[in-house]
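S.K.: The structure follows.
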Amino acid sequence: MIGIAGNARHFAARTRVCEQIVQADVHGGGLLDELHRLWPWLDEPAVLFPCTDRAVLTISRHRDELKQWYWVKVPDDELVRALIHKSTLYDVAHRAGLSVPASFTLRNRAEAVRSAE
């Protein structure tokens, strides 16, 4: 197992599970570049376990090119975008019939006062 981390010395990158930790920019293009660099070394498709919202979004956006060498099991790009942004997450959860705590988007002081009431 290979881990890709933005900072290989970060406490969350310490594990006995991974044989190797590769340091790369895990936000967007850097993650994609590293996945491209690694796939010639794979004997079979690898499973991706993205750990950040941005990594999930990058993998979702590039699923077609990645699925040759990786198991890509993330929601489609539209749903990922909706879930990443808290304002749209509330709407998605509400439409799905999920119970969610009350939430307010405050654009100015007057709205903050009204929501506090």
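S.K.: Residues in the stretch 40-62: is at least one on the phi < 0 side of the Ramachandran plot, basic (K, R) and touching a strand residue (DSSP E or B) at 6+ places or on another chain (Cβ under 9 Å)? Full working, then the answer.
M.R.: Just the residues of the stretch 40-62 that are on the phi < 0 side of the Ramachandran plot, to begin with: 40-62.
Narrowing the set further to residues that are basic (K, R) leaves 54, 61.
So of that shortlist, the ones also touching a strand residue (DSSP E or B) at 6+ places or on another chain (Cβ under 9 Å) come out as none.
No: zero hits.
S.K.: Please tell me if T105 is open to solvent by less than 100 Å² (accessible area, probe 1.4 Å) and part of a helix (DSSP H, G or I).
M.R.: no
S.K.: For L32, state whether it is part of a helix (DSSP H, G or I), in contact (Cβ under 8 Å) with a residue 24 or more places away in the chain and over 15 Å from the mean Cα position of the chain (by Cα).
M.R.: Answer is no for this residue.
S.K.: Being touching a Gly at 6+ places or on another chain (Cβ under 7 Å) and open to solvent by 100 Å² or more (accessible area, probe 1.4 Å) is the filter here; which residues of the stretch 46-70 pass it?
M.R.: The one that is touching a Gly at 6+ places or on another chain (Cβ under 7 Å) and open to solvent by 100 Å² or more (accessible area, probe 1.4 Å): R54.
S.K.: Here is a follow-up. For the stretch 26-45, name all the residues that are modelled with pLDDT under 85 and open to solvent by 40 Å² or more (accessible area, probe 1.4 Å).
M.R.: Step one: filter the stretch 26-45 for residues modelled with pLDDT under 85, giving 26-29.
Once the filter is applied, which keeps residues that are modelled with pLDDT under 85 and open to solvent by 40 Å² or more (accessible area, probe 1.4 Å), the stretch 26-45 yields H27, G29.
S.K.: Looking at S99, S103, which is the one that is of a type in the set (S, T, Y) and modelled with pLDDT under 85?
M.R.: S103
S.K.: Separate question: List the number of the failed condition for F49; all other conditions in (1) modelled with pLDDT of 85 or more; (2) part of a helix (DSSP H, G or I) hold.
M.R.: Failed condition: (2).
S.K.: Can you tell which of V100, V92 is open to solvent by less than 100 Å² (accessible area, probe 1.4 Å), part of a helix (DSSP H, G or I) and aliphatic (A, V, I, L, M)?
M.R.: V92
Rundown of residues vs (1) closer than 18 Å to L31 by Cα; (2) outside any helix (DSSP H, G or I); (3) among the hydrophobic types (A, V, I, L, M, F, W, C), yes/no style:
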site: E44; (1), (2), (3): no, yes, no
site: R54; (1), (2), (3): yes, no, no
site: I59; (1), (2), (3): yes, no, yes
site: E65; (1), (2), (3): yes, no, no
site: V74; (1), (2), (3): yes, yes, yes
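S.K.: Quick check, is A46 among the small types (G, A, S) and over 15 Å from the mean Cα position of the chain (by Cα)? Let's see the steps before the verdict.
M.R.: Numbers: among the small types (G, A, S): yes; over 15 Å from the mean Cα position of the chain (by Cα): yes.
Yes; evaluated as a whole, the condition is true for this residue.
S.K.: If you don't mind, there's one more thing I want to ask. Please determine whether any residue of the stretch 13-23 is in a helix (DSSP H, G or I) and farther than 26 Å from T105 by Cα.
M.R.: Taking the stretch 13-23 first, the residues in a helix (DSSP H, G or I) are 13.
Keeping just the survivors that are farther than 26 Å from T105 by Cα gives 13.
So far as the stretch 13-23 goes, yes, one or more of its residues are in a helix (DSSP H, G or I) and farther than 26 Å from T105 by Cα.
The values are calculated or read from the model by the stated rules, or taken from the named source; none is laboratory data. Predicted model only: the values in this text are computed from it and were never measured. Backbone-built Cβ (ideal geometry, glycine too); neighbour counts: all protein chains shown. Heads up: the accessible areas ignore ligands, DNA and RNA and are worked out on the full protein's heavy atoms, side chains in. Shrake-Rupley method; radii C 1.70, N 1.55, O 1.52, S 1.80 Å.
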